[in-house]
Structure formats: structure tokens, C-alpha cells
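For reference, the structure discussed in these notes is given below.
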Amino acid sequence: MAFVDFRNVWLAYNDELLAKGQFAVEDISLQLNEGEFIAIVGPSGCGKSTFMKLATGLKMPSKGSIAIGGKPVTGPLKISGMAFQAPSLLPWRTTLDNVLLPLEIVEPYRSNFKSKRAEYAEKARELLKSVGLAGYEDKFPWQLSGGMQQRASICRALVHEPRMLLLDEPFGALDAFTREELWCNLRDLQAAKKFNVILVTHDLRESVFLADTVYVMSKSPGRFVVQRKIDLPRPRDLEITYSAGFTDIVHELRAHIGVVRKAA
């Protein structure tokens, strides 16, 4: 059984648009195995973020069905974590306390948070250490660089050990060197923890470096028009991004997106 299972999913944002047949995404079918890493690329406004809302249960499909972890999606999922382009750390909380936030509000952790705070804090410290933030636990967001804030944001999304991580342009605002460092952080975390990842990005190099499969979406209403398996060996290091095989895949995806952008 697929861990993520979209079956002929359509979404209109309200009843009026549904009555007019105006959909944000249409006929999305997708089956992912547990531990799989996919990236979704496409032109702005094609429905990538809408897909993410469906995958987290923040939106229900107008037509079709979604099951994740073998259960129908009927509302917001507790087994997923999310990180966005803006880290959105709470400015009055330290790095450690920002990372601990999901454990304060998500069950079953919330009920035990006071009694197990020391245990949870140790887990958060280990996670921060794994992305190079040891020693920054007591710093506030304004004392961190943009890359450090994004690392903390990803730790916050992972601290409750979700089975699926959804990333919406998480590295788009960072400089090239910091972005590549975070690719490697994410690569290592996912290899160690084996959670599913759905990454929405405009960066084709990023998608090819990180993903098992890249999906290209059409213009709105969004649908998957290309599914490209990335058959590059793992673990991948940054040197592979300069190889002919890697570059060929990036150019191939760029050509597909060029066709999508020109489509009526």
C-alpha cells in the first residue's frame, strides 16, 4: 500500500468556482512509498502550494480521494511537519524554545510536555546539533543569520518525528552557498530518519540534487505533466551537481517547464 495516495484529485476553492468548473488543481494522481523524496516544480501559480494544502489536510478535495499512512485524509494531519520560505520563528522565544513549540501543542506530546520537558529539550538539542546549531540554543531569532533561522525552522518541523515533511520553497531566500549547505543538511536528515519529503521549489538544481523523482506541473489548473525519476546514485555530494549527467537532467526539466510556460 502506498504511503501517500492521491486518486483523481480535483480542488476548487469554493462552491461558486466549483459550479463554474474552475479548479486550482485537476486530476492529480500520485502514489508514493514510505521514505520517498519527491520534488514538485512548475511555473508560478500552477498549483504547487495548493497541492501542499491537500497533502497536509488543510484543504479537502472537491473530487477524488487522498489517503496518507493508509488512512483517508479528513482534516489537518498530525503525522506531518512543514517548513516554508520564511522561517517564521517567534521572536520572543529562543532557538530551543522555537524548536520545542510543536511538542507543546501537538498530542500526544502536549499532555506530557511539563513532565518530559527535559527529555524533549535533549531531543531538540540533538536535532539542532545535527544541523550545525549546537551552541545557539539560547539565541533569539534576531541573533541568527537567515540560514541559521531556516535550519531551526526545519528542526521545528521535525522535532515531533513526523512521517512526512512538506517543504514550500524553504531555501529560496538564501544565498547560493547557504542554500547548498542546507541541501546537505536535509539530505543527511532524511537519510537518517527515512521520513517522506514533498519539496516544492523553483530551483531545478535543488530538485535534482535532493529528490528521487521530480514532478512538473502544468499552468493552472495544475496537473502533473512530467514524472522524471532521478537515477543518480546516493548518497549525493555537491560535486555531482557539476557532472554531465546532473546537468543533462536539469536541462531536460528546464525544457519541459519551457513547454508548460508557452502552453495556452
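Okay, here's what the table says:
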quantity: Whether segment 54-116 is rounded, prolate or oblate, judged on the alpha carbon gyration tensor where a/c under 1.5 counts as rounded; calculated: oblate
quantity: Footprinting exposure proxy for Glu181, Glu122 (fewest neighbouring C-beta atoms within 10 Å first); calculated: Glu122, Glu181
quantity: Helical contribution to [θ] at 222 nm, DSSP H n ≥ 4, -39,500 (n - 2.57), averaged over the chain, rounded to 500; calculated: -11500 deg cm²/dmol
quantity: If the convex hull is drawn through the Cα atoms of the chain, its volume per residue in Å³; calculated: 136 Å³
quantity: Per-selection metrics, segment 1-118 (Cα): Rg and Dmax in Å; calculated: 17.2, 54
quantity: Dipole magnitude of the chain, debye to nearest 20 (Cβ charges: Lys/Arg +1, Asp/Glu -1, about Cα centre); calculated: 500 debye
quantity: Near-label residues of segment 176-215 by backbone N, under 11 Å of a point 7 Å along Cα→Cβ of Leu238; calculated: 176-185
quantity: Ranking of Thr74, Thr201, Thr247 by count of other Cβ atoms within 10 Å, fewest first; calculated: Thr74, Thr247, Thr201
quantity: Inter-label distance, nm, simple model (7 Å from Cα along the C-beta direction), Glu16/Ser145; calculated: 4.8 nm
quantity: Residue (of Ile249, Phe177, Ser220) at the positive-pole extreme of segment 144-264, dipole from beta-carbon charges; calculated: Ser220
quantity: Angle in degrees between helix 244-262 and the longest Cα principal axis of the chain, rounded to the nearest 10; calculated: 60 degrees
quantity: Packing-based exposure ordering (other Cβ within 10 Å, fewest first) of Tyr242, Tyr13; calculated: Tyr242, Tyr13
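Any read-out appearing in this document is the output of simple, stated calculations on the displayed coordinates, not a laboratory observation. Remember, it's a predicted structure, so these values are computed and weren't measured experimentally. All Cβ positions, even for glycine, are placed from backbone atoms using ideal geometry, and neighbour counts span all protein chains on display.
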